[in-house]
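Trainee: Provided herewith is a single structure, encoded as structure tokens, for subsequent inquiry.
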Amino acid sequence: MALAIVILAADTLRADSKPDWINHSRYAASNTEIIASQKRPVAVFMGNSITDFWYRDSPEFFESNNYVCRGISGQVTTQMLARFRSDVIELKPDVAVILAGVNDIAGNNGAIELRHIVDNIASMADLARRHGIVPIICSVLPADRFAWNPAIHNAPQLIEQLNTMLNEYCVRNNIEFVDYYSCMVTFGGALNPAYAVDPVHPSVEGYKVMEPIISTAIRRVIKQ
């Protein structure tokens, strides 16, 4: 019995000392405020740093359209799927905008097959639909390299393959697919430097290209 207590105590200590890998705490207070207000967002944007920095660089785009940002820098699709209920479903938006997958390709949580990235994004779309929320799946933006993981030598090819797979999934399942890629790509599958602050992240000018594309798509799916 004493040994069991010691083991239980050790396990509790390890659990308490682990960081919030999903980062549920990032938007917890804001989620509570939105739910209490009973003001449903038009759209919640789920994503990684590209979405996170979008709000930082263009807050008026979100605020003037009643859009909510739920991007967290560095996250992979597994993390987004784990927080999709608290950060999207419980806010009861009309639309869920999902822009994800580049960090999976970059190996932020280790190697993952493209089909499993699609599975995670598809699961978010399934959850949205199950709760009366219209999903929009976005193409991954172009990138020819990842500064934090130079071991990935074929980023452009992987991104193109993933985008093709996502588009095909959307066609099969009658889901809106938004193509940022073709508007942002340049030679060699790189992010156009006219729209970029680095090889992965859009600049303010890049976000200005993306904003009318997604706003048009949101208006279209809401009218369906």
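Trainee: Anything in the range 210-224 that is more than 18 Å from the chain's Cα centre (by Cα) and either part of a helix (DSSP H, G or I) or of a type in the set (Gly, Ala, Ser) (or both)? List them, or say none. If you could, list the steps in order and put the result at the bottom.
Mentor: Residues of the range 210-224 more than 18 Å from the chain's Cα centre (by Cα): 212, 216, 219-224.
If the condition is that a residue be more than 18 Å from the chain's Cα centre (by Cα) and either part of a helix (DSSP H, G or I) or of a type in the set (Gly, Ala, Ser) (or both), then Pro212, Thr216, Arg219, Arg220, Val221, Ile222, Lys223 are the ones that fit.
Trainee: Take the range 34-56 and flag every residue that is within 14 Å of Val68 (Cβ to Cβ), of a type outside the set (A, V, I, L, M) and crowded, with 17+ Cβ neighbours inside 10 Å.
Mentor: Correct list: Pro41, Phe45, Gly47, Thr51, Asp52, Trp54, Tyr55.
Trainee: Applying the selection to the range 199-224, what residues are closer than 15 Å to Phe177 by Cα and of a type in the set (Gly, Ala, Ser)?
Mentor: Result: Ser215, Ala217.
Trainee: Hey, another quick one. Within the range 26-54, track down each residue that is of a type in the set (A, V, I, L, M, F, W, C), over 18 Å from the mean Cα position of the chain (by Cα) and over 23 Å from Ile136 (Cα atoms). Lay out the reasoning, then the answer.
Mentor: From the range 26-54, those of a type in the set (A, V, I, L, M, F, W, C) are 28-29, 34-36, 42-46, 50, 53-54; that's our starting set.
Checking which are over 18 Å from the mean Cα position of the chain (by Cα) leaves us with 29, 34-36.
Result: Ala29, Ala36.
Trainee: In the range 162-182, which residue that is assigned to a strand (DSSP E or B) and either out of contact with any Lys or Arg (no Cβ under 8 Å at 6 or more places or on another chain) or hydroxyl-bearing (Ser, Thr, Tyr) (or both) is nearest to Val118 (Cα to Cα)?
Mentor: Quick first cut of the range 162-182, residues assigned to a strand (DSSP E or B) only: 176-178.
Going one step further and asking which of them are either out of contact with any Lys or Arg (no Cβ under 8 Å at 6 or more places or on another chain) or hydroxyl-bearing (Ser, Thr, Tyr) (or both), we end up with 177-178.
Working: Phe177: 13, Val178: 15 Å.
For the range 162-182, the residue satisfying everything is Phe177.
Trainee: Give all pairs with beta carbons closer than 7 Å in which a residue from the range 34-46 that is closer than 22 Å to Ala82 by Cα and modelled with pLDDT of 95 or more meets a residue that is surrounded by fewer than 21 Cβ atoms within 10 Å (Cβ to Cβ) and basic (Lys, Arg); count only pairs at least 6 apart in sequence or on separate chains.
Mentor: Here the result reads Arg40/Lys92, each pair linking the range 34-46 to a residue that is surrounded by fewer than 21 Cβ atoms within 10 Å (Cβ to Cβ) and basic (Lys, Arg).
Trainee: Does Arg83 satisfy the condition of being at pLDDT 95 or above, in contact with a helix residue (DSSP H, G or I) (Cβ under 8 Å, 6 or more places away or on another chain) and among the basic types (Lys, Arg)?
Mentor: On the way: at pLDDT 95 or above: yes; in contact with a helix residue (DSSP H, G or I) (Cβ under 8 Å, 6 or more places away or on another chain): yes; among the basic types (Lys, Arg): yes.
The answer is yes for Arg83.
Trainee: Need at least 1 residues that are free of Cβ contacts under 8 Å to residues at least 40 places away in the same chain, buried (at least 19 other Cβ atoms within 10 Å of the Cβ) and not β-branched (Val, Ile, Thr) per element, so show me which strands (runs of 3 or more DSSP E) inside the range 57-161 make the cut, counting only ones lying wholly within it.
Mentor: Details: elements: 67-71, 95-99, 134-138.
It comes to 67-71.
Trainee: Can you name every residue in the range 171-184 that is without any contact (Cβ under 8 Å) to a residue 40 or more places away in the chain and crowded, with 20+ Cβ neighbours inside 10 Å?
Mentor: none
Trainee: Okay, next question. Can you tell me how many residues within the range 185-209 are of a type outside the set (Gly, Ala, Ser), part of a helix (DSSP H, G or I) and free of Cβ contacts under 8 Å to residues at least 60 places away in the same chain? Write out each step before concluding.
Mentor: Our first condition is that a residue be of a type outside the set (Gly, Ala, Ser); within the range 185-209, this holds for 185-187, 191-193, 195, 197-202, 204-205, 207-209.
Now narrow it down to the ones that are part of a helix (DSSP H, G or I): 187, 193, 195, 204-205, 207-209.
Those still in the list that are free of Cβ contacts under 8 Å to residues at least 60 places away in the same chain too: 187, 193, 195, 205, 209.
Number of matching residues: 5.
The values are calculated or read from the model by the stated rules, or taken from the named source; none is laboratory data. Treat the numbers as computed from the prediction; the structure is a model and nothing was measured. Because the Cβ atoms are built from the backbone with ideal geometry, glycine has one as well, and the counts that use them run over all protein chains shown.
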